[in-house]
Number of protein chains: 2
Amino acid sequence: MHRVKVRVVEDALDANNTIARANRADFDRHGVTVVNLMSAPGSGKTTLLERALSHWHDGPRVGVLEGDVAGSLDADRLAHHHVPVVQLNTDNGFGGECHLDANMVRSAMDALPLDEIDMLIIENVGNLVCPAEFRVGEDARIMVSSVAEGADKPLKYPLMFRACELVVINKIDLIEHVDFDMDTFLYHLDAVHPGVTSLPVSARTGEGVDAVRSWLAALPDRVRAVA
Amino acid sequence: MHRVKVRVVEDALDANNTIARANRADFDRHGVTVVNLMSAPGSGKTTLLERALSHWHDGPRVGVLEGDVAGSLDADRLAHHHVPVVQLNTDNGFGGECHLDANMVRSAMDALPLDEIDMLIIENVGNLVCPAEFRVGEDARIMVSSVAEGADKPLKYPLMFRACELVVINKIDLIEHVDFDMDTFLYHLDAVHPGVTSLPVSARTGEGVDAVRSWLAALPDRVRAVA
């Protein structure tokens with residue numbers, strides 16, 4: 001009798017990762033670079049996107065997948081900027097999930113205009129714990145942290161700050177009005193994720209948003225160079 | 001043969017609720033009123049507690065149970081105010097949970113000085129989704145929302161604003177520097193939780209904190225009146 005030994009590799013057979021890889025294959029086939037945008041609630045992900053995409057010239061054609069527990073407030077805001085937006089709510093059928101997972105993103109796949117875009121930005125549910133644990137098929141992750149949240153956040157939510165390629169420090173227009181020490185934040189950030197790129201930004205005033213735009217515009221080439 | 005029909009009532013046998021009731025019974029036996037303090041990350045729960053407890057006279061004797069994914073930054077801050085604090089981390093053994101549940105609180109029960117306090121304030125993990133789904137044996141829930149997070153939060157995270165007895169609107173010292181319209185926030189709040197008490201506060205400057213202190217101090221009597 002011929003015996004085949006199948007070794008169960010936990011991570012490889014993990015359902016979420018399996019589906020994330022299927023998503024990844026679909027995105028690759030359409031030449032779409034995918035960004036997972038993560039933050040706490042109210043850190044300014046949507047305002048950052050509005051600001052970045054409202055002066056978006058020559059860069060990759062961008063589409064957005066909006067993840068929210070309920071409502072379509074953010075999708076409506078982005079649609080005003082003539083960006084193709086698909087809304088994904090986690091409260092129907094998913095039981096009010098606090099994060100997006102690969103299967104939720106998969107369920108939106110048919111609604112995404114993958115042939116008309118070069119980059120998909122997935123705005124995750126506002127949460128500083130679980131989104132980091134669920135890959136959805138993305139090429140890169142951006143973590144947005146607002147100065148209003150305090151300089152201790154990298155220490156309190158280390159996985160989120162570790163599982164990303166870029167940290168956007170948002171709402172720097174508030175820095176004089178809150179107890180936020182940038183050096184302390186960067187010191188904590190370096191402790192949990194040495195060497196990660198960070199960009200100080202005010203999505204509200206536009207300060208620093210050019211650098212985020214450039215980072216995004218260069219991402220497809222960076223991803224291809226690594227592949 | 002004598003047959004006993006056992007009807008499985010889903011909610012009654014739900015493990016979390018069963019343990020929450022056991023916690024509740026233990027708290028009652030010690031005459032301790034319990035508050036579950038919830039918010040997004042960085043909304044100012046700890047600063048609010050520091051401020052409220054630093055001028056705490058004649059009120060119930062308060063202890064704090066600090067829930068965090070990692071570290072003991074908040075517990076250390078509160079210990080400075082001579083408040084008995086127990087730290088509960090969710091990253092060891094619990095797998096990096098994004099909320100406290102009844103069993104986690106139960107695991108801290110022996111460490112709590114229940115005979116020396118009249119009120120236990122449980123500071124939940126910063127998260128606007130899951131904490132609302134897990135009762136831990138509390139008498140009341142306080143939801144803290146900062147003006148820096150935006151006026152749309154009640155609509156985007158309705159369960160959190162619905163599953164509470166008090167909404168603290170924090171960081172009102174920032175109101176001139178952010179795009180936050182109080183009437184819009186209160187309109188949305190009323191839509192998801194009609195009639196809930198809300199208190200505008202600046203934990204940083206102390207404005208409005210007296211009202212939170214009074215609310216807390218009156219809570220044991222209110223709870224007893226209902227029971």
I'd like the orientation of helix A:209-226 relative to chain A: the angle between its Cα long axis and the longest Cα principal axis, in ° from 0 to 90, rounded to 10.
30
Quick one: compute the contact order of region A:67-115, relative version, from alpha carbon pairs under 8 angstrom and 6+ residues apart, as a percent.
37
Using unit Cβ charges (K, R positive; D, E negative) and no other charged atoms, how large, in debye to the nearest 20, is the dipole of the protein assembly as shown about its Cα centre?
1320
Here the relative contact order (percent) of chain A, from C-alpha pairs under 8 Å and at least 6 apart, is 25
Net charge within 15 Å of A:GLU123 by Cβ-Cβ distance, Lys/Arg positive one each and Asp/Glu negative one each, not counting A:GLU123 itself?
-4
Positive minus negative residues near B:ARG204 (Lys, Arg vs Asp, Glu; Cβ under 11 Å)
-2
What list do you get for B:VAL196, A:VAL201 if you sort them by fewest beta carbons within 10 Å?
B:VAL196, A:VAL201
Could you tell me how far the Cα centroid of region A:19-56 sits from the Cα centroid of region B:20-70, in Å?
38
List the equivalent ellipsoid semi-axes of region B:2-226 in whole Å, largest first, each obtained as the square root of 5λ for an eigenvalue λ of the Cα gyration tensor.
28, 22, 17
Only counting other Cβ atoms within 10 Å, I'd like A:VAL129, B:VAL226, B:VAL212 sorted with the fewest neighbours first.
B:VAL226, B:VAL212, A:VAL129
Pseudo-label separations to other copies for B:ARG106 - Cα-to-Cβ vector, 7 Å, nm:
3.4
Quick one: with label points 7 Å out along Cα→Cβ, list the inter-copy distances for A:ASP118 in nm, shortest first?
6.7
Set A:LYS153/B:LYS45; A:LYS171/B:LYS153; A:LYS156/B:LYS45; A:LYS171/B:LYS156; A:LYS171/B:LYS171; B:LYS45/B:LYS171 screened for pairs whose C-alpha atoms are more than 19 Å apart
A:LYS171/B:LYS156
Sum of -39500 (n - 2.57) over DSSP H runs of 4+, divided by residues of the protein assembly as shown (222 nm, nearest 500):
-10000 deg cm²/dmol
What ranking do B:VAL167, B:VAL83 get, fewest neighbouring Cβ atoms within 10 angstrom at the top?
B:VAL83, B:VAL167
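Here, each number is a calculation from the coordinates, and none is a lab measurement. Note that the structure is a prediction, hence the values are computed from the model and not measured. Please note: Cβ atoms are built from the backbone with ideal geometry, for glycine as well, and neighbour counts cover all protein chains shown.
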